[in-house]
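Heads up: the structure comes next, in structure tokens.
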Amino acid sequence: MDALERQLTRLAESGEAGLIVDVSVIGRAGAGRDCTIAAIAERQYGVVSRAQLLAAGIGPGAIATRLGHQRLHPLHRGVYAVGHRALAPRAREMAAVLACWPGALVSHQTAAGSFWQLVEASTGGIHVTVSRAHRRRRPGLRAHCSQRLAPEDLAVP
């Protein structure tokens, strides 16, 4: 486990909001699939990624069923709102990070507006910074590249 994963796993164990890297730290013995999904989403502003669901033992069929029954609502490719589309504050930003993960962070005007209230919140795409190796085009997102993102850049204080 690298430094970033250790930091984010500690965050997950503390129960605070933030990205869940190791879904095993939040699973409860004997908890059903929906409880597991809810536990991940609770700490991520109500959103989860397909990769997280698969890592938690929720298979593609179970994901498809929840999409069909509208228990999961697609926000980006492989990123879902859990339960409903009424998103919590910062849910869209978390969804953007999950869509661009690994190694993504909210940045530029989005970070300045949504997190620090330094400027008006952006009404355009959500700005994320990613390492050059992980740059992908995603509808609704404005990706910026960085040569290197250190683990401390990605950690949630």
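The values are calculated or read from the model by the stated rules, or taken from the named source; none is laboratory data. Being a predicted model, the structure only gives us computed values, none of them experimental. Using ideal geometry, Cβ is built from the backbone for each residue, glycine included, and neighbour counts are taken over all protein chains shown.
Taking interchain pairs and intrachain pairs at least six residues apart, which have beta carbon atoms under 6 angstrom, with the first residue in the stretch 21-50 and under 20 Å from residue 103 (Cβ atoms) and part of a loop (DSSP other than H, G, I, E, B) and the second at pLDDT 60 or above and basic (Lys, Arg)?
45/90
Looking at the stretch 87-104, which of the residues that are farther than 12 Å from residue 45 by Cβ and either buried (at least 22 other Cβ atoms within 10 Å of the Cβ) or out of contact with any Leu (no Cβ under 8 Å at 6 or more places or on another chain) (or both) is modelled with the lowest pLDDT?
My answer is 102.
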